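For reference, the structure discussed in these notes is given below.
The values are calculated or read from the model by the stated rules, or taken from the named source; none is laboratory data. Every value quoted in this text rests on a predicted model; they were computed, and no experiment measured them. As a convention, Cβ positions derive from the backbone with ideal geometry for all residues, glycine included, and neighbour counts pool all protein chains shown.
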Amino acid sequence: MPSFLKLLHLAGYAVYLGGIALARLVPLTLVFLLGKSFGALACYLLRKRRMLAESNMSAALGISATEARTLARQHFMVLGANLLSMLKIPTMSDARIWRHVTFDIAPKISDAAEGKGWVAVLSHMSNWELLGPLTKLFPQYRFGAIYQKLANGHVNGHFNKSRARMGITLFDRRDEFWNSVAFLESGGVVGVLADQYAGVSGTWMPFFGRLTSTSTLAAAMAHRVGVELVPVTINTTGVARWHVSVGNPLAKGSTPEIATAAINRELERQISASPADWLWSHDRWKTPRFGFLLAASQRRVFFPQGFNRSKLVPYRILVRSVDDPAEAKITVPAVRAIKHGRPDAHVTVVACERLAEFWKAVEEVDEVVSFLPGDPARAVAGKIAGAGRFDVGIILPDARRAAVEMFLAGVPYRFGPPARFLLNTWQNPPGIPEPDVSGAGRYPRIAAAAGAAIPPEGRL
């Protein structure tokens, strides 16, 4: 580790310990209120995180931009209050903690008498540090949790020691999975966070109607050992006041995919009931920087039975057309492959006016944004922005201006070969050569790099 990074981690650890020392001296109610003030400040300073939270809220909850701004501010305030309270909670006795907490514990854990454990389905709701003391309410069980190491090793070590004092056995999700399974088989209870983006290893399924990579870890563990999935959630109910709910088991005996879909529905219910409590500033519906189309990698996509696919929130792809009519005809197979690259794809083509009717006649194109030949880049960008928010933009012409248009329009992921100006994502697929700077062969290669399925020879 570079010396500067070591010093940075030590400084962060010192601030963390200082926060704990200060929290010991201050009543929990005051800690909560101070955290709320810090959260309001963070909402103002952390512009990108605030905008991400607002975007997620608008799309998931179907609320207006004004409502999302108000809810985002509430979210940051509640988050700040809970994060600061987390420093205080471990310094308090159980009796003092329970004065601030109410409970609703009504699970039907049918296998308890047989000595079997269960999988606790957890999420980033409210003051999740209360999950540690919660284990004292189930003295008949041993508790463990799957966790991901923090980047700061000093803070990570302190967290681990704190949880060990609570009697919680921790399992690193990268290399201790089988240990956690053995712990579960021996009658222990294992907590698994189920609400985060799962990356390339996840199964893509709807969450609030939008496809996203979802971890099937909790469901797979329960299915393998034959135990129940029990949802556990925490809500903030007032100043330094929380409510803990342990729900009834979910989808026992189902396949991991069906059980995970049930977990998603339960999480949707929990979040909708107390939206300010959930971690909206996490990029739950993240666009993969490489291979955002799912066809070529054959990523698993699962729709639960009865799901109405017509209500699936579209993944909006903007394709910048070439300007030459003859060249545009050559690009059609690539655009078709892009459309078929994922089941939620909505393809908008931005093209000069003389090509508008041509692209409208292509079945796989859902929408066309046209511009006049003399329009400056800023004017084209304004038309793109006026068509709504896009998840990703794909540039077909070998022209710097096209990238400028997307950049000015605020398209977050601008896709094309790395040498192109203002583009921020590209990965050349195995066995497919880099696109030529000219020639028709570059179009299927661009589609392939985006994750579209094409034949091995690179033609569509």
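Within the set L79, L71, L33, the sole residue that is in contact (Cβ under 8 Å) with a residue 60 or more places away in the chain, farther than 14 Å from W278 by Cβ and touching a helix residue (DSSP H, G or I) at 6+ places or on another chain (Cβ under 9 Å) turns out to be L33. Taking each residue of the stretch 157-177 that is farther than 16 Å from V189 by Cβ and looking for partners that are modelled with pLDDT of 70 or more and among the β-branched types (V, I, T) with beta-carbon atoms closer than 7 Å, six or more apart or interchain, yields R173/I146. Here is the figure for the stretch 47-67: residues that are surrounded by 14 or more Cβ atoms within 10 Å (Cβ to Cβ) and within 18 Å of the chain's Cα centre (by Cα) total 13. The test for being modelled with pLDDT under 95, surrounded by fewer than 21 Cβ atoms within 10 Å (Cβ to Cβ) and either acidic (D, E) or assigned by TED's automatic domain parsing to the domain that holds M51 (or both) holds for D375. For the stretch 167-198, the candidate set comprises residues that are of a type in the set (S, T, N, Q), in contact with a strand residue (DSSP E or B) (Cβ under 6 Å, 6 or more places away or on another chain) and outside any strand (DSSP E or B); within that set, the residue that is surrounded by the most Cβ atoms within 10 Å (Cβ to Cβ) is S180. For the stretch 336-355, the set of residues classified as out of contact with any Ser or Thr (no Cβ under 6 Å at 6 or more places or on another chain), closer than 25 Å to G209 by Cα and not in a loop (DSSP other than H, G, I, E, B) consists of R336, A337, I338, K339, A345, H346, V347, T348, listed by residue number.
Out of all the residues in the stretch 103-146, which are assigned to a loop (DSSP other than H, G, I, E, B), modelled with pLDDT of 75 or more and polar (S, T, N, Q)? Across the stretch 103-146, the qualifying residues are S123, S126, N127, Q140. Residue check: N152 meets all listed conditions (1) at pLDDT below 70; (2) buried (at least 17 other Cβ atoms within 10 Å of the Cβ); (3) out of contact with any helix residue (DSSP H, G or I) (no Cβ under 6 Å at 6 or more places or on another chain) but one, namely (3). The set of residues in the stretch 299-335 that are outside any helix (DSSP H, G or I) and within 28 Å of V380 (Cα to Cα) comprises V313, P314, Y315, R316, I317, L318, V319, R320, S321, V322, D323, D324. The selection criterion, being in the same structural domain as E185 (by TED's automatic domain parsing) and either modelled with pLDDT of 95 or more or among the small types (G, A, S) (or both), holds for S272. Counted as qualifying within the stretch 8-89 are the helices (runs of 4 or more DSSP H) with 2 or more residues that are touching a strand residue (DSSP E or B) at 6+ places or on another chain (Cβ under 8 Å) and closer than 30 Å to R165 by Cα, namely 65-88.
Do the conditions hold for V319, that is, is it surrounded by fewer than 22 Cβ atoms within 10 Å (Cβ to Cβ) and touching a residue at least 12 places away in the same chain (Cβ under 8 Å)?
Numbers: surrounded by fewer than 22 Cβ atoms within 10 Å (Cβ to Cβ): no; touching a residue at least 12 places away in the same chain (Cβ under 8 Å): yes.
Considered against the rule, which asks whether it is surrounded by fewer than 22 Cβ atoms within 10 Å (Cβ to Cβ) and touching a residue at least 12 places away in the same chain (Cβ under 8 Å), V319 comes out as no.
Looking across the stretch 199-230, the residues that are surrounded by 19 or more Cβ atoms within 10 Å (Cβ to Cβ) and small (G, A, S) come down to S213, S215, A218, A219, A220, A222. Of the numbered criteria (1) crowded, with 18+ Cβ neighbours inside 10 Å; (2) assigned to a loop (DSSP other than H, G, I, E, B); (3) outside the structural domain of R378 (by TED's automatic domain parsing); (4) in contact with a Pro (Cβ under 9 Å, 6 or more places away or on another chain), the one L293 fails is (4).
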